[in-house]
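Accompanying notes for the structure given below.
The values are calculated or read from the model by the stated rules, or taken from the named source; none is laboratory data. All values derive from a computational prediction rather than experimental measurement. Here the Cβ is made from the backbone with ideal geometry for all residues, glycine too, and neighbour counts use every protein chain on show. Each accessible area value is taken on the protein alone, full model and side chains, heavy atoms only, with ligands, DNA and RNA left out. Shrake-Rupley method; radii C 1.70, N 1.55, O 1.52, S 1.80 Å.
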Amino acid sequence: MMLLVILLPAPPRADAPPPAEPAPWVWLLSPDGLAVAQRGSGPTASLPTADTVVAVAPAESVAWHRPVCPKAPANRLRAALGGLLEERLLTDDDDVHLALAPKPQAGAPVWVAAMHKPWLRQQLAQLAVGGRVVDRLVPALAPQLDATADTAAAGHFHGPAEITSDASMQLAWSDADGAANLPLTGGLARSLLAPWQARGATWSATPAAAAIAERWLGTPVAVRNDADMALAAVRSPWNLLQFDLSPRHRGSLAAGNLWRTLMGPAWAPARWGLAALVLVQVVGINALAWQQRSALAQQRSTQDSLLRSAHPQVRAVLDAPLQMQRETAALRGAAGVPGDDDFETLLQAAASAWPDGQPPAAQLRFEPGQLSLPAAGWAPPQVDALRQRLAALGWGLDQSDGRLVIRKAS
């Protein structure tokens with residue numbers, strides 16, 4: 001299953017002028033989420049097709065909060081979160097997209113990701129217009145979900161493709177206490193370095209930032225490119241598409257894009273082929289039904305002919321099998337030969353299967369096709385023995401209303 005990973009661009013600063021044209025998408029194509037099969041960048045129309053599309057939100061686009069998860073129904077959980085974080089968000093609630101950590105528990109602290117909703121909607125809409133509906137949105141940087149894993153603290157140095165000084169570098173840091181993306185300029189990152197190193201942090205950097213990161217740290221760092229970091233984020237359990245951005249709310253958009261694709265000129269041969277296949281199936285089904293009707297009519301004609309030849313006195317043929325059975329039974333009765341529904345046949349079957357030591361039955365009751373006798377005095381093992389012997393002879397035994405009823409087995 002092919003996986004398309006799209007690295008969303010960093011959101012513009014509030015005081016920056018709007019870009020003249022959209023930035024090209026940076027994308028990765030992976031067959032298993034572990035290795036990169038292909039990578040590139042370009043406009044939406046140039047993105048390759050894949051079975052699953054996952055977008056990676058840059059570290060600077062996500063803010064993290066850790067309130068107590070409110071005890072609210074699912075349809076009111078988003079409003080409850082907005083009320084809890086109202087003083088921390090410093091912006092209108094309608095402009096913030098919130099997403100919970102995987103497997104939240106009501107009444108317990110939970111990590112909440114906060115993003116600028118208009119920017120995020122714009123990114124998803126641009127991809128959707130080009131036929132790339134995002135199935136998951138994962139953060140490039142997220143707090144460690146295992147609060148007991150102190151050694152899980154990690155820092156990653158990154159920046160533009162060409163870095164000449166630490167002024168353009170940033171440090172993405174995550175541990176069980178949170179996640180942050182800090183510039184190396186200023187004293188904040190330097191003041192936090194000693195506590196981080198005391199916790200046994202692991203350090204990595206992009207190839208362009210590795211040399212400057214090692215000088216800043218005074219220790220070697222592992223080199224990890226953007227593709228490795230993106231695939232690691234994809235393998236995490238996070239999915240920020242929640243609440244009103246959940247994929248179920250965008251199903252109609254995906255269906256519309258699929259319909260437009262299928263009705264396009266590129267799919268015209270496939271549509272004609274499908275129509276021809278349906279036509280062949282309809283013709284084949286009708287031909288088979290005609291053959292079945294012909295065979296059934298032939299069989300009925302044979303039954304009618306057999307009835308007329310065996311019983312010439314029958315004038316009107318309405319139900320050949322039933323009339324044949326009745327006429328045969330009438331002939332058998334006239335000849336004095338008992339049938340399966342006669343008293344003599346039922347009595348003989350009962351006598352043949354009668355259990356040893358069981359006294360003769362009294363108060364026999366006969367109806368056409370069945371013979372009944374009182375069940376009083378019969379122990380369950382004796383009833384089972386009689387039923388088994390009758391079954392071996394092709395008869396059945398029922399027990400109802402205090403009587404044992406013998407009739408032909410169906």
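Rg over Rh for segment 361-410 works out to 0.94, both radii taken from alpha-carbon positions and Rh defined as the Kirkwood radius. Quote the relative contact order of segment 106-232 in percent (integer), defining contacts as alpha-carbon pairs under 8 Å separated by 6+ residues. Across segment 106-232, relative contact order equals 21 percent.
Axis of helix 251-262 versus longest Cα principal axis of the chain: the two differ by about 80°, to the nearest ten degrees.
Heavy atoms of the protein chains alone define the surface here; on that basis segment 37-116 has 54 Å² accessible area per residue at 1.4 Å probe size. A 1.4 Å probe run over the protein chains yields, for segment 162-232, 47 Å² of accessible area per residue, whole-number rounding. The sum of -39500 (n - 2.57) across all DSSP H runs of n ≥ 4, divided by the residue count of the chain, sets its helix-only mean residue ellipticity at 222 nm to -11500 deg cm²/dmol. Computed over neighbours whose Cβ is under 12 Å from that of LEU98, the net charge equals -2, Lys and Arg +1, Asp and Glu -1.
Solvent-accessible surface of segment 315-377, taken per residue with a 1.4 Å probe and all protein chains present: 67 Å².
If you look at the Cα atoms of the chain, you get an Rg and a Dmax of 41.0, 119 Å. Between the helical axis of 343-353 and the dominant principal axis of the chain, each derived from Cα atoms, what acute angle in degrees is found, rounded to the nearest 10? The two axes meet at around 70 degrees. Considering all C-alpha pairs of segment 57-155, those separated by over 20 Å amount to 46%. Dividing the mean sequence gap of close Cα pairs (under 8 Å, 6+ apart) by how many residues segment 358-404 holds gives a relative contact order of 34 percent.
Relative contact order for segment 1-107: 27 percent, from Cα pairs under 8 Å spaced at least 6 residues apart, divided by residue count.
Taking amide H positions as modeled 1.01 Å from N, with prolines and chain starts lacking one, the residues under 5 Å from ARG224 and 5 or more places away or on another chain are ALA205, THR206. Cα centroids of segment 289-323 and segment 167-193: 93 Å apart. Extension gain for ARG403 to ALA79 (0.36 nm times residue separation, less C-alpha to C-alpha distance): 109.6 nm. Three semi-axes describe the equivalent ellipsoid of segment 307-372; taken as square roots of 5 times the Cα gyration tensor eigenvalues and ordered largest first, they are 35, 11, 9 Å. A straight Cα-to-Cα reach below 29 Å connects LYS117 with the lysines LYS71, LYS103, residues fewer than 8 places away in its own chain not being considered. Within the accessible area of the chain, the carbon and sulfur atoms contribute 57%, probe 1.4 Å, all protein chains present. Across all C-alpha atoms in segment 283-410, the radius of gyration and Dmax reach 21.3, 69 Å.
Taking the inverse of the mean 1/r over every pair of distinct Cα atoms in segment 71-222 gives a Kirkwood hydrodynamic radius of 18.0 Å.
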